[in-house]
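For reference, the structure is listed below as structure tokens.
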Amino acid sequence: MSLDAERLREDFPILRRTFHGKRFVYLDNAATTQKPSCVIDRLSEFYRLYNSNVHRGAYTLAEEATDLYEKSRANISAFIGGKPEELIFVRGATEAINMVAYSYALARLEKGDTILSTEMEHHSNIVPWQLLQPHGLRLDFVKLSGKGELSLEDFKEKITRRTKLVTFTHASNVLGTINPASEFAKIAHDNGSKVLVDGAQSVPHMPVDVRELGADFYAFSGHKMLGPMGIGGLYAKSDLLEEMAPFQGGGEMIKEVGLDASTWAEPPQKFEAGTPNVAGSVGLSEAVDYLRRLDMSRVREHEKRLSAYALQELESQEGVRVFGPGDPERRGGVISFEVKGVHPHDLATILDREGVAIRSGHHCAQPVADWLGVSATARASFYIYNDHTDIDSLISALGMVRKIFGRRA
Ligand code: C6P
């Protein structure tokens, strides 16, 4: 059974807003998703009834908050096929990747070892590795090719015996491409390299099982999957968490502290210094329950159908160029495009006047824009509450763009 987006929209209070007198058509879900009432209510309930610090107090309220926090960890880790002790709560995918950079790569790799990333990455999977270069770690990138896929040939050529970590995005936030993650992971493992997958654009949109994928590390953000901002996860295999160095020092990540030296708590606490985002974890757990009820295979099917329709409609518009793979089987619900003669920022501004919210710019993935040979693109990205009528609104708003820009568009 397909998703009933119109029905689902009723769960999202923000989607009842109007902008410039028009129905709100939210097509910037790759940036962040809207929150259903159950998540908003759960956050409010936490602060009304359960607010307390965790892992510290001996009183009942503190025990309740700790229980909620740890149950949320178990629920969220199960959603991606992991065990509770394999999930570290972080602010989001960016912090998760930085944690791997500092606690694993910097602490465990040797001078001259290489990290192999790709040209398809968000800045958060490029810059943390660049920051390690002054420490003697090398960085290389798998090339983009074709319509925006990673070149398997180049990957096989670039992976060497010094490649200790391979990292790539599961799904591109600009091109929409879904990478064959398990195939890449197998090549990396056969070479003796560890694998970090950036799941920021995949966990919200398709069934993900970190074990089936063969990921050693998997990063994701709660706010892109109906959850609150400021909470996300780093999945890491237990043996790796054991050997990794702490990311930050402070309360709760220690076993014993002396003035000269300290010892560390067991994972996951070892990586969660200071007061964590307890309300965020509870809210994200509620979001996971909501997605589970919908069924992630249906979420994926829904987005595939929407993408197929959007691709067909956009490509039939004069002067519109769509970027990324053409086959909806090989892409997610993220569609970047340009309209000839119109800067993407102008396009987004005119669309806003029609009630349609899209993103324009380089989407924090400048190397992808460079590869496309553009400085910016317009980007529409879909989620469970979007349907064909939203794409129709986008297309009709593009008609307005054409009117304003005259024959140039
Ligand atoms: N991309 C977009 O509009 P954070 O900001 O930590 O939640 O997620 C970072 C991130 C990492 N990897 C990928 C593939 C991403 O798409 C993002 C976030 C948003 O495309 C905001 S720039």
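How about the range 302-409: which trypsin sites (Lys or Arg not before Pro) there are in a DSSP loop, with at most 16 other Cβ atoms within 10 Å of their Cβ? Taking the range 302-409 and a limit of 16 other Cβ atoms within 10 Å, the loop trypsin sites (Lys or Arg not before Pro) found are Lys340. Among complete DSSP H helices in the chain, those whose alpha-carbon atoms stretch at least 15 Å along the helix's long axis and whose mean Kyte-Doolittle hydropathy reaches -0.5 are 60-79, 278-294, 388-405. Taking amide H positions as modeled 1.01 Å from N, with prolines and chain starts lacking one, the residues under 5 Å from Thr118 and 5 or more places away or on another chain are Val142.
Rounded to whole numbers, the Karplus 3J(HN,Hα) couplings from phi for the range 256-262 are 9, 10, x, 6, 9, 7, 9 Hz, using 6.51 cos²θ - 1.76 cosθ + 1.60 with θ = phi - 60°, and x at Gly and Pro.
Per residue, the solvent-accessible area of the chain (1.4 Å probe, heavy atoms of protein chains only, all protein chains present) comes to 42 Å². Name the shape class, rounded, prolate or oblate, that the alpha-carbon gyration tensor gives for the range 341-409, where a ≥ b ≥ c are the square roots of its eigenvalues, rounded holds for a/c under 1.5, and otherwise prolate holds if a/b is larger than b/c and oblate otherwise. Here the range 341-409 falls in the oblate category.
Sites listed here are trypsin sites (Lys or Arg not before Pro) in the range 2-85 whose DSSP assignment is loop and whose Cβ has at most 11 other Cβ atoms within 10 Å: Arg17. If you plug the beta carbon distance of Asp209 and Asp260 into 1/(1 + (r/R0)^6) with R0 = 35 Å, you get a FRET efficiency near 0.20.
Computed in the context of the full set of protein chains, the accessible area of the range 69-175 at 1.4 Å probe radius has 49% of its extent on carbon or sulfur.
When nucleic acids and ligands are ignored and a 1.4 Å probe is applied, Tyr309 ends up with an accessible area of around 50 Å². Under 16 Å of direct C-alpha separation, and excluding same-chain neighbours fewer than eight residues apart, Lys35 reaches these aspartates and glutamates: Glu6, Glu10, Asp11, Glu45, Glu286, Asp289.
Quick one: grab the alpha carbon gyration tensor of the range 1-145, order the square roots of its eigenvalues as a ≥ b ≥ c, and give me rounded if a/c is under 1.5, else prolate or oblate depending on whether a/b is larger than b/c. Oblate, because a/c is 1.5 or more while a/b does not exceed b/c. Taking Gly222, Gly250, Gly148 as the candidate residues, the one with maximal mean-square fluctuation in a Gaussian network model of the chain, Cα springs under 10 Å, is Gly250. In terms of its C-alpha gyration tensor, the chain comes out oblate, because a/c is 1.5 or above while a/b does not outweigh b/c.
Ignoring lysines fewer than eight residues from Lys156 along the same chain, the ones with Cα atoms less than 17 angstrom from its Cα are Lys143, Lys164, Lys186, Lys194. The range 74-133 to the range 7-66: how many Å between their Cα centroids? The range 74-133 and the range 7-66 have Cα centres spaced 27 Å from each other.
Of all beta bridges DSSP finds with both residues in the range 39-293, what is the antiparallel percent, to the nearest 5?
For the range 39-293, the DSSP antiparallel bridge percentage is about 50.
Extension gain for the segment Lys111 to His345, taken as residue separation times 0.36 nm less the Cα-Cα distance, is 79.9 nm to one decimal.
The values are calculated or read from the model by the stated rules, or taken from the named source; none is laboratory data. For clarity, every value in this text was computed on a predicted model and none was experimentally measured. For neighbour counting, all protein chains shown are included, and Cβ atoms are generated from backbone atoms with ideal geometry for every residue, glycine included. We work out accessible area using only protein heavy atoms, side chains counted, and drop any ligands, DNA or RNA first. Shrake-Rupley method; radii C 1.70, N 1.55, O 1.52, S 1.80 Å.
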